[in-house]
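Chemist: Let me begin by handing over the structure; questions about it come next.
The values are calculated or read from the model by the stated rules, or taken from the named source; none is laboratory data. Being a predicted model, the structure only gives us computed values, none of them experimental. When we count neighbours, we look across all protein chains shown, and the Cβ atoms used for this are built from the backbone with ideal geometry, even at glycine.
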Amino acid sequence: MDRIEQSTSKYFTLVGNPNCGKTTIFNFLTGLHQKVGNYPGVTVERKEGKILYEDDSELTILDLPGTYSLSANSPDEKIVSDILLGKHPTVPKPDGVVCIVDATNVERSLYLVSQIIDLRYPIIIILNMIDVAERYGIHINISALEDRLGVRVIPTNAKKEQGLEEARQALKTSLRIYPLVRQWKLPQIAQEKLNELATMLINYAHLTEEQAFHEAITLLSTHRSLDLYSSTYDKIILERVAQDYEYFASQEIDRYSVFVQSRIEWIRTLCKGIIHRESKRHTVTDSLDKVLLHPISGGIIFVLVIAGTFFAVFSWATYPMELIESGVHWLSSFFESIIPPGSFRNLVIDGAVAGTGAVILFLPQILVLFFFLGILEESGYMARAAFLMDRVMNRVGLSGKAFIPLLSSFACAVPGIMATRTIENRRDRLVTILVAPLMSCSSRLPIYTLIIAATIPPLFIGGIFNLQAIVMVALYFIGILAALGAALLFKSTFAKGKSTGFIIELPPYSIPSIKNILYQMWERTLLFLKRAGTIILFASIVLWYLESHPVQPNVSPGEQLANSYLGKAGYAIEPVLRPLGFNWKIGVGILSSFFQRELFVSTMSTLYNLENSGSLVDGFRERVTQEIDPLPGKPTFSLLTALCVLLFYVLALQCISTIVVVQRETNSWKIPIFQFCYMNILAYVATFLFYRVGLLIF
Amino acid sequence: MSNNVIPLSHLSVGSSAMIIRSEVPPELRQRLTELGFTPNAAVSIVFNSGKRLICKLQSARIGIDQSLADNIMVTPLSE
């Protein structure tokens with residue numbers, strides 16, 4: 001995690017409920033002056049940006065995950081509350097908070113706002129989606145709201161960029177706003193107990209006044225066992241809390257709800273007379289939901305949406321992929337014409353260009369997938385899909401909430417695993433994390449595409465179904481079935497327990513902001529190119545070196561390769577992979593995949609000298625079908641071998657980023673290690689069985 | 001006002017009610033509260049398949065499953 005720059009410029013955080021339009025506002029405010037953490041996509045990763053004003057002053061903005069409260073029940077909420085309480089290890093306390101309030105849900109959004117006011121931050125409110133509220137027949141007296149809260153409230157329609165410039169300017173001046181004072185009131189007895197406990201926390205645990213107030217409420221209303229706090233607080237404090245519980249019970253005060261309820265009473269009073277709702281209006285969302293959530297029409301549309309997405313990934317990307325391919329080819333010949341023959345030319349052309357080119361080729365497919373996932377998310381359909389899939393997910397012991405992370409994992413398991421943060425149930429979240437990497441992510445796509453195009457005959461079965469397409473669909477299904485099967489197994493063994501309670505907010509449908517989606521795709525492209533330009537470039541050069549050294553003069557290219565460092569390493573691991581029908585070259589590909597899955601393609605490209613052939617796929621097909629494996633005397637890449645490699649790649653976990661993110665999200669090494677072992681053992685055993693059975697058939 | 005207290009899951013599509021109390025486990029109760037399921041809040045049903053329902057609280061649509069809806073007690077409002 002990168003640090004907020006230690007500078008004199010002030011910094012604000014953006015805080016708001018999920019689906020309040022925070023990302024759009026952040027993008028507008030900071031423009032291109034953003035620093036994005038590893039994984040964008042859904043707003044789960046931290047994003048930091050700068051507002052540059054005309055007078056050269058600047059303001060740093062940190063976008064925080066969407067949250068309903070600071071109760072720290074989920075990892076997302078914990079990040080937000082840790083930062084705002086000044087407890088986060090790397091992120092300092094902000095100088096002020098920009099609260100984004102959804103104009104269609106003002107009362108609910110004010111719950112979070114009131115918690116931030118308690119922390120005595122200077123705040124400013126952006127009242128977003130004011131247009132939607134008007135359409136719903138909700139009228140808000142903004143100046144009255146400002147007066148009652150004592151805060152600047154700026155109405156905006158972020159999608160149309162209305163009001164945002166005003167918000168940008170207001171942020172600059174609002175820095176002078178003095179912190180607010182808590183307005184909500186507790187019943188006297190509760191207030192007394194709260195004050196006493198807060199004082200103890202200040203004296204014994206050395207908390208600040210604001211931290212103590214927040215922590216005292218948490219301790220008094222928590223549903224967790226106090227034992228969980230034993231490492232954080234002295235026994236004397238926890239004993240006091242336990243006494244307070246008894247006292248509340250004797251006074252017939254429900255300690256779980258008294259704090260929440262008092263806050264809500266205050267919000268209701270505050271909003272009285274300033275928010276006017278016309279009697280029920282039928283909205284577009286209501287009508288759409290009738291069709292999209294209907295048991296029959298909803299199910300059909302769901303299947304069409306998902307199928308359409310994948311269809312687009314494969315058909316739309318063809319043309320840009322051809323362009324990239326000819327670009328790589330052109331680059332190869334360009335270097336050939338300017339660099340004299342020799343080692344350096346080989347390094348550039350055979351190593352760098354061939355290796356990275358083979359990977360960049362697949363960028364369009366990945367982008368199309370992100371584009372569609374972005375549309376599903378932005379339009380509000382994603383939550384509906386989760387709602388529809390609750391029934392299916394229940395069969396394997398999970399709730400519909402697990403659907404969004406699993407669907408995102410088709411793009412990349414890393415944002416998928418981060419998206420599990422919204423799952424309230426801890427066991428469900430763990431199981432979802434464990435199975436998410438079985439969904440075929442976009443880094444497997446290059447491998448699938450290359451091997452299928454090169455080895456599966458483009459036959460049309462029954463005149464309409466393309467065999468290549470069938471194999472591709474089958475790979476995705478194997479991944480899905482494996483994930484569901486593994487989830488079922490885990491949920492009926494160590495993560496036993498019914499998934500309790502499914503709660504999901506269904507945001508109103510809206511036209512996706514293409515600008516936002518393009519923004520995400522741009523971030524994705526930069527990330528991808530950065531990786532291609534660093535790890536993959538470096539690995540390609542290393543691979544080239546290992547396969548072309550030690551240099552042996554006067555031998556055939558094949559012999560040169562077989563006696564190279566890489567060849568020897570491949571032969572060394574061959575015994576392990578032989579039972580799966582893999583020769584040493586595939587072995588090298590698999591080994592390199594453990595650094596980065598796509599490296600399989602670069603490796604094949606380098607090993608088979610594909611940089612000289614017209615197209616990657618054609619060249620690969622030509623070489624692998626001609627090459628005879630000396631041991632069984634059959635082609636190295638028979639149809640069966642190809643299917644075995646594909647199956648292995650569906651099931652194996654070969655991604656350092658995934659392992660790192662699982663470790664970070666679960667705060668444990670045991671889980672990623674277990675995941676690594678179970679997936680790779682599954683891949684090995686399944687491929688072995690498939691190969692053995694295949695030998696009998698083919 | 002009637003004294004008729006029934007689970008939220010018993011409401012049919014189009015009907016409205018006032019929330020009396022929720023008897024769900026505390027950790028879920030907190031989440032429900034934050035989403036607007038609080039005593040005296042008005043709720044209406046926009047979708048109910050028996051297993052899952054969608055309620056409208058002010059302008060927010062919240063999907064919940066039967067296990068929760070069975071334990072949220074409401075008083076139907078006649079319009």
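Chemist: State yes or no: is A:V113 part of a strand (DSSP E or B) and within 14 Å of chain B (Cβ to nearest Cβ)? I'd like the intermediate steps shown before the answer.
Modeler: Working: part of a strand (DSSP E or B): no; within 14 Å of chain B (Cβ to nearest Cβ): yes.
When the stated conditions are applied, A:V113 does not pass them.
Chemist: In the set A:E165, A:E107, A:E161, A:E134, which member is of a type outside the set (V, I, T), in contact with a helix residue (DSSP H, G or I) (Cβ under 9 Å, 6 or more places away or on another chain), under 23 Å from A:Y509 (Cα atoms) and free of Cβ contacts under 8 Å to residues at least 12 places away in the same chain?
Modeler: Working: A:E165 fails: under 23 Å from A:Y509 (Cα atoms); A:E107 fails: free of Cβ contacts under 8 Å to residues at least 12 places away in the same chain; A:E161 fails: free of Cβ contacts under 8 Å to residues at least 12 places away in the same chain.
Only one candidate passes the filter, namely A:E134.
Chemist: Okay, next question. Could you give me the residue pairs with C-beta distances under 7 Å whose first residue belongs to the range A:222-239 and is within 14 Å of chain B (Cβ to nearest Cβ), whose second residue is of a type in the set (A, V, I, L, M, F, W, C) wherever it lies, and which are 6+ apart or on separate chains?
Modeler: A:L226/A:L238; A:L226/A:V241; A:L226/A:A242
Chemist: For the range B:51-79, give me the residue count where each residue is under 25 Å from B:E27 (Cβ atoms), more than 7 Å from every other protein chain (Cβ to nearest Cβ) and not charged (D, E, K, R).
Modeler: Our first condition is that a residue be under 25 Å from B:E27 (Cβ atoms); within the range B:51-79, this holds for B:51-58, B:60-74.
Pick out the ones that are also more than 7 Å from every other protein chain (Cβ to nearest Cβ) and you get B:53, B:55-57, B:66, B:69-74.
Now restrict to residues that are not charged (D, E, K, R): B:53, B:55, B:57, B:66, B:69, B:71-74.
Number of matching residues: 9.
Chemist: Give me the residue from the range A:451-461 that is surrounded by fewer than 22 Cβ atoms within 10 Å (Cβ to Cβ) and in contact (Cβ under 8 Å) with a residue 60 or more places away in the chain and, out of that set, nearest to A:L647 (Cα to Cα). Don't jump to the end; show me each part of the working.
Modeler: Within the range A:451-461, the first condition is being surrounded by fewer than 22 Cβ atoms within 10 Å (Cβ to Cβ), and the residues that meet it are A:452-454, A:456-461.
Next, only the ones that are in contact (Cβ under 8 Å) with a residue 60 or more places away in the chain stay: A:452-454, A:456.
Details: A:I452: 12, A:A453: 16, A:A454: 16, A:I456: 14 Å.
Once the filter is applied, the top-ranked residue is A:I452.
Chemist: Out of curiosity, is A:V555 closer than 20 Å to A:F600 by Cβ and without any contact (Cβ under 8 Å) to a residue 24 or more places away in the chain? First the steps, then the outcome.
Modeler: Numbers: closer than 20 Å to A:F600 by Cβ: no; without any contact (Cβ under 8 Å) to a residue 24 or more places away in the chain: yes.
Against the criterion (closer than 20 Å to A:F600 by Cβ and without any contact (Cβ under 8 Å) to a residue 24 or more places away in the chain), A:V555 does not qualify.
Chemist: Can you find even one residue in the range A:52-70 that is assigned to a strand (DSSP E or B), closer than 30 Å to A:K272 by Cβ and over 25 Å from the mean Cα position of the chain (by Cα)?
Modeler: Going residue by residue through the range A:52-70, those that are assigned to a strand (DSSP E or B) are A:52, A:58-63.
Subset that is closer than 30 Å to A:K272 by Cβ: none.
Scanning the range A:52-70, I find no residue that is assigned to a strand (DSSP E or B), closer than 30 Å to A:K272 by Cβ and over 25 Å from the mean Cα position of the chain (by Cα), so the answer is no.
Chemist: Any idea how many residues of the range B:19-45 are of a type in the set (V, I, T), facing chain A (nearest Cβ under 9 Å) and in contact with a Gly (Cβ under 8 Å, 6 or more places away or on another chain)? Spell out the reasoning first.
Modeler: At the first step, the residues of the range B:19-45 found to be of a type in the set (V, I, T) are B:19-20, B:24, B:33, B:38, B:43, B:45.
Retained after the next criterion (residues that are facing chain A (nearest Cβ under 9 Å)): B:24, B:33, B:38.
Still in the list and also in contact with a Gly (Cβ under 8 Å, 6 or more places away or on another chain): B:24.
Here the count works out to 1.
Chemist: Which of (1) under 20 Å from A:R391 (Cα atoms); (2) modelled with pLDDT of 85 or more; (3) of a type outside the set (K, R) is the odd one out, the single condition A:P512 does not satisfy?
Modeler: Of everything listed in (1) under 20 Å from A:R391 (Cα atoms); (2) modelled with pLDDT of 85 or more; (3) of a type outside the set (K, R), A:P512 misses just condition (1).
Chemist: While we're on this one: Might you let me know whether the range A:420-434 holds any residue that is of a type in the set (D, E), surrounded by fewer than 24 Cβ atoms within 10 Å (Cβ to Cβ) and under 22 Å from the mean Cα position of the chain (by Cα)?
Modeler: Yes, the range A:420-434 contains a residue that is of a type in the set (D, E), surrounded by fewer than 24 Cβ atoms within 10 Å (Cβ to Cβ) and under 22 Å from the mean Cα position of the chain (by Cα).
Chemist: Here is a follow-up. Tally time: how many residues in the range A:71-122 are within 30 Å of A:I274 (Cα to Cα), out of contact with any His (no Cβ under 9 Å at 6 or more places or on another chain) and not aliphatic (A, V, I, L, M)?
Modeler: Counting residues in the range A:71-122 that are within 30 Å of A:I274 (Cα to Cα), out of contact with any His (no Cβ under 9 Å at 6 or more places or on another chain) and not aliphatic (A, V, I, L, M) gives 16.
Chemist: Return the only residue of A:I100, A:I125, A:I154, A:I130 being surrounded by 20 or more Cβ atoms within 10 Å (Cβ to Cβ) and either at pLDDT below 90 or touching a Lys or Arg at 6+ places or on another chain (Cβ under 6 Å) (or both). Don't jump to the end; show me each part of the working.
Modeler: On the way: A:I125 fails: either at pLDDT below 90 or touching a Lys or Arg at 6+ places or on another chain (Cβ under 6 Å) (or both); A:I154 fails: either at pLDDT below 90 or touching a Lys or Arg at 6+ places or on another chain (Cβ under 6 Å) (or both); A:I130 fails: either at pLDDT below 90 or touching a Lys or Arg at 6+ places or on another chain (Cβ under 6 Å) (or both).
After applying the criteria, what remains is A:I100.
Chemist: Quick check on the range A:136-147. Is at least one of its residues surrounded by fewer than 16 Cβ atoms within 10 Å (Cβ to Cβ) and under 28 Å from the mean Cα position of the chain (by Cα)?
Modeler: Among the residues of the range A:136-147, not one is surrounded by fewer than 16 Cβ atoms within 10 Å (Cβ to Cβ) and under 28 Å from the mean Cα position of the chain (by Cα), which makes the answer no.
Chemist: Select from the range A:504-549 the residues that are outside any helix (DSSP H, G or I) and either away from every other protein chain (no Cβ under 14 Å) or in contact with a Ser or Thr (Cβ under 9 Å, 6 or more places away or on another chain) (or both) and list them in ascending order.
Modeler: Let us first name the residues in the range A:504-549 that are outside any helix (DSSP H, G or I), namely A:504-513, A:549.
A:I504, A:L506, A:P507, A:P508, A:Y509, A:S510, A:I511, A:P512, A:S513, A:H549 - these are the residues of the range A:504-549 that are outside any helix (DSSP H, G or I) and either away from every other protein chain (no Cβ under 14 Å) or in contact with a Ser or Thr (Cβ under 9 Å, 6 or more places away or on another chain) (or both).
Chemist: All but one of (1) of a type in the set (A, V, I, L, M, F, W, C); (2) under 34 Å from the mean Cα position of the chain (by Cα); (3) under 30 Å from A:G137 (Cα atoms); (4) more than 14 Å from chain B (Cβ to nearest Cβ) hold for A:F213; which doesn't?
Modeler: Answer for A:F213: the failing condition is (3).
Chemist: What helices (runs of 4 or more DSSP H) lie completely within the range A:205-321 and have 3 or more residues being of a type in the set (D, E)?
Modeler: The qualifying helices (runs of 4 or more DSSP H) are A:209-221, A:235-250.
Chemist: Being over 22 Å from the mean Cα position of the chain (by Cα), crowded, with 21+ Cβ neighbours inside 10 Å and of a type outside the set (S, T, Y) is the filter; apply it to the range A:71-95 and report the residue that is farthest from the other protein chains (Cβ to nearest Cβ). Working first, answer last.
Modeler: Kept after step one, since they are over 22 Å from the mean Cα position of the chain (by Cα), are these residues of the range A:71-95: A:71, A:84-87, A:89, A:92-95.
From what's left, crowded, with 21+ Cβ neighbours inside 10 Å: A:71, A:84, A:94.
From what is left, the residues that are of a type outside the set (S, T, Y) are A:84, A:94.
Values: A:L84: 16, A:P94: 22 Å.
It comes out as A:P94.
Chemist: While we're looking at this one, here's another question. Inside the range A:322-411, counting only helices (runs of 4 or more DSSP H) that do not spill past its ends, which hold 2 or more residues that are in contact (Cβ under 8 Å) with a residue 12 or more places away in the chain, among the aliphatic types (A, V, I, L, M) and in contact with a helix residue (DSSP H, G or I) (Cβ under 7 Å, 6 or more places away or on another chain)?
Modeler: On the way: elements: A:343-346, A:354-360, A:363-379, A:381-395, A:403-408.
Hits in the range A:322-411: A:354-360, A:363-379, A:381-395, A:403-408.
Chemist: Sticking with this one: For the range B:1-52, give me the residue count where each residue is assigned to a loop (DSSP other than H, G, I, E, B) and touching a Pro at 6+ places or on another chain (Cβ under 8 Å). Break it down stepwise before answering.
Modeler: We begin by selecting, within the range B:1-52, every residue assigned to a loop (DSSP other than H, G, I, E, B); these are B:1-5, B:11-15, B:23-25, B:35-41, B:49-51.
Pick out the ones that are also touching a Pro at 6+ places or on another chain (Cβ under 8 Å) and you get B:2, B:4, B:11, B:15, B:49.
Of the residues in the range B:1-52, 5 are assigned to a loop (DSSP other than H, G, I, E, B) and touching a Pro at 6+ places or on another chain (Cβ under 8 Å).
Chemist: I would also like to ask the following. Among residues belonging to the range A:520-546 that are buried (at least 20 other Cβ atoms within 10 Å of the Cβ) and aromatic (F, W, Y), point out the one that is farthest from the chain's Cα centre (by Cα).
Modeler: A:W544
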